[in-house]
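Below is one structure, written out as structure tokens; comments come after it.
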Amino acid sequence: MKNKKHNKLKILNDPIYGFIQIPNTLVFDLIEHRYFQRLRRIAQMGFSNLVYPGANHTRFHHAIGCMHLMQKAVRVLRFKQVKISEEEENGLYIAILLHDIGHGAFSHALEHSIVNGISHEEISLKFMKKLNDEFNGKLDVAIEIFEGKYPRKFLCKLISSQLDIDRLDYLKRDSFYTGVTEGNISSDRLIAMMNVKDDELVIEGKGIYSVENFLIARRLMYWQVYLHKTGLVAENMLVNVLKRAKELADNGVELFASTSLRYFLYKKISQDNFTDETLEMFSKLDDYDVMSAIKEWTNHSDKILSLLSKMIVDRKLLRIEIQQKEFEVAKLNKKINKVSKKLELSENEVKYFVFTKKIENQAYQQEKPIFILNKKGKLRDIAKASDQLNLQALTNPVIKYFICYPK
């Protein structure tokens with residue numbers, strides 16, 4: 001029998017942008033690859049659905065949306081006589097499509113518990129290099145752009161900057177799925193105002209109010225969604241569950257886990273020993289592995305592991321207090337002593353239930369400016385070009401402190 005030919009120039013239907021076209025067969029083959037398909041099984045917003053029930057969208061959704069916006073950006077820039085070769089165009093599509101491919105289960109939780117010393121960006125790069133071998137070097141330009149090493153700087157800025165395609169999609173998408181309308185930015189307007197001046201990605205003067213809205217929307221989304229107190233508790237509890245599981249595994253305690261999760265629990269993984277085998281195991285690890293393990297761990301004989309797991313599964317989370325200044329040591333010690341006696345835990349064990357941390361939100365970093373192109377062809381930092389007094393205030397990092405403990 002002859003091999004059936006596939007139509008690789010497909011159209012996907014997205015709830016935000018409508019129809020999204022896959023630009024070419026190479027992009028289609030990358031989307032079809034099992035490394036990329038894993039993103040269907042990784043939530044974009046971790047445990048935010050415990051606060052916003054609709055926030056169940058995935059990294060797959062986000063990556064496809066980013067590729068769509070990048071196609072718009074390329075069309076806009078070419079219309080404005082910015083030369084972008086076919087090779088560079090493909091590089092942009094692939095770099096933005098794969099920019100999150102190294103995210104672990106529940107996004108950031110693994111980075112702080114069982115896979116230490118290596119960031120999701122570094123794992124993304126490892127995946128891209130592995131795919132580049134499989135696709136005979138067709139990802140060379142994409143990797144250069146992703147690493148920020150491509151000679152044309154503005155192409156790198158489209159992938160990673162304070163007004164990159166990644167942010168334009170996730171703010172709009174996360175706003176849509178959470179129902180938090182404050183984050184609903186006009187990504188179309190921002191892309192339509194993009195231009196290139198002296199190899200710098202800039203926004204034309206007419207788009208200044210859209211940029212102001214974007215920065216304010218980002219700040220509001222951080223406080224209202226990404227740093228929401230319930231989401232913070234849930235993510236930190238997930239980190240603690242995985243840390244406890246890792247601690248037990250290191251001591252030879254038998255734990256229920258899928259093959260891929262077991263690999264990371266029973267091995268010490270860092271940047272130095274992150275081999276091809278590790279990457280292969282990582283490519284099979286997703287939210288399902290972690291959640292099925294946590295459900296099973298509710299019955300484990302270890303009191304800390306089972307109690308934390310039950311609290312997550314049943315959404316009986318720790319209490320949280322947030323304030324502008326650090327918590328007094330006396331208050332922390334009082335909580336530790338109280339919980340230690342109540343749950344009969346040692347000083348080392350009680351840290352899983354009582355802890356304090358800080359969070360930081362800086363809506364705009366002036367060291368990586370967003371440039372506004374005025375009518376005279378001059379570039380100005382948005383913080384100086386804007387007549388909004390509060391935009392200057394957004395450049396100051398806001399730090400808050402929180403303490404978590406059982407109710």
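The values are calculated or read from the model by the stated rules, or taken from the named source; none is laboratory data. Every value quoted in this text rests on a predicted model; they were computed, and no experiment measured them. Reconstructed Cβ throughout: ideal geometry from the backbone, glycine too, with neighbour counts over all protein chains shown. Note: areas computed on protein heavy atoms with side chains; ligands, DNA, RNA excluded. Shrake-Rupley method; radii C 1.70, N 1.55, O 1.52, S 1.80 Å.
For the reader, a short list of remarks on this structure follows.
- Charge tally in the Cβ shell below 14 Å around Lys358, where Lys, Arg are +1 and Asp, Glu are -1, Lys358 excluded: +1
- The residues of the chain expose on average 48 square angstrom of accessible surface per residue, using a 1.4 Å probe on protein heavy atoms.
- Residue (of Leu125, Leu379, Tyr35) at the positive-pole extreme of the chain, dipole from beta-carbon charges: Leu379
- Remark: the chain carries a charge dipole of roughly 1020 debye about the Cα centre, counting +1 on each Lys and Arg Cβ and -1 on each Asp and Glu Cβ.
- Nearby lysines by direct alpha-carbon distance to Lys335 (threshold 17 angstrom, same-chain neighbours under 8 apart not counted): Lys351, Lys357, Lys407
- Note on the range 190-242: dipole from Cβ charges, positive end direction compared against Ser210, Val196, Ala234; the farthest Cα belongs to Ala234.
- R0 of 60 Å, Cβ-Cβ distance Leu26-Glu328: FRET efficiency to nearest 0.05: 0.55
- Computed [θ] at 222 nm, deg cm²/dmol, the chain (DSSP H ≥ 4; -39,500 (n - 2.57); rounded to nearest 500): -14000 deg cm²/dmol
- When DSSP beta bridges are restricted to pairs lying wholly in the chain, around 90% turn out antiparallel.
- Counted over the range 171-277 with a bin width of 10 Å, the fraction of Cα pairs per bin, in whole percents, is 12, 24, 19, 22, 18, 5, 0.
- Proximity of backbone amide H atoms, modeled 1.01 Å from N, is registered between Phe371 and Ile203 at under 5 Å, excluding neighbours fewer than 5 places apart on the same chain.
- Residues in the range 140-147 carry Karplus couplings, in order, of 3, 5, 4, 5, 4, 5, 4, 7 Hz; the curve used is 6.51 cos²θ - 1.76 cosθ + 1.60 with θ = phi - 60°, and Gly or Pro positions show x.
- Inter-part distance where the range 233-287 and the range 19-40 are each reduced to a Cα centre, Å: 28 Å
- Under the criterion of Cα pairs below 8 Å and six or more residues apart, the relative contact order for the range 258-395 equals 12 percent.
- Loop-located trypsin sites (Lys or Arg not before Pro) across the range 1-79 with a Cβ neighbour count of 10 or fewer within 10 Å are Lys2, Lys4, Lys5, with loop assigned by DSSP.
- Where labels lie 7 Å past Cα in the beta-carbon direction, separation of His108 and Lys129 in nm: 2.6 nm
- Within the range 246-331, the GluC sites (Glu not before Pro) that combine a DSSP coil assignment with at most 15 other C-beta atoms in a 10 angstrom radius are Glu254, Glu326, Glu328.
- Euclidean distance between Cα centres, the range 165-194 to the range 325-346, Å: 42 Å
- Taking the range 176-304 and dividing mean pair separation by its residue count, relative contact order in percent (alpha carbons under 8 Å, at least six apart): 18 percent
- Within the accessible area of the range 1-64 (1.4 Å probe), percent carbon and sulfur: 52 percent
- For the options Lys130, Lys342, Lys246, a Gaussian network treatment of the chain with springs between C-alpha atoms closer than 10 Å singles out Lys342 as fluctuating the most.
- Checking every one of the trypsin sites (Lys or Arg not before Pro) in the range 133-179 against DSSP loop status and a limit of 12 other Cβ atoms within 10 Å picks out Lys149.
- Under Karplus coefficients 6.51, -1.76 and 1.60, residue-wise ³J(HN,Hα) of the range 71-87 in Hz, glycine/proline x: 4, 4, 4, 4, 4, 4, 5, 5, 4, 8, 6, 7, 6, 10, 6, 4, 5
- The chain - convex hull of alpha carbons, volume per residue in Å³: 165 Å³
- Dipole magnitude of the range 110-247, debye to nearest 20 (Cβ charges: Lys/Arg +1, Asp/Glu -1, about Cα centre): 260 debye
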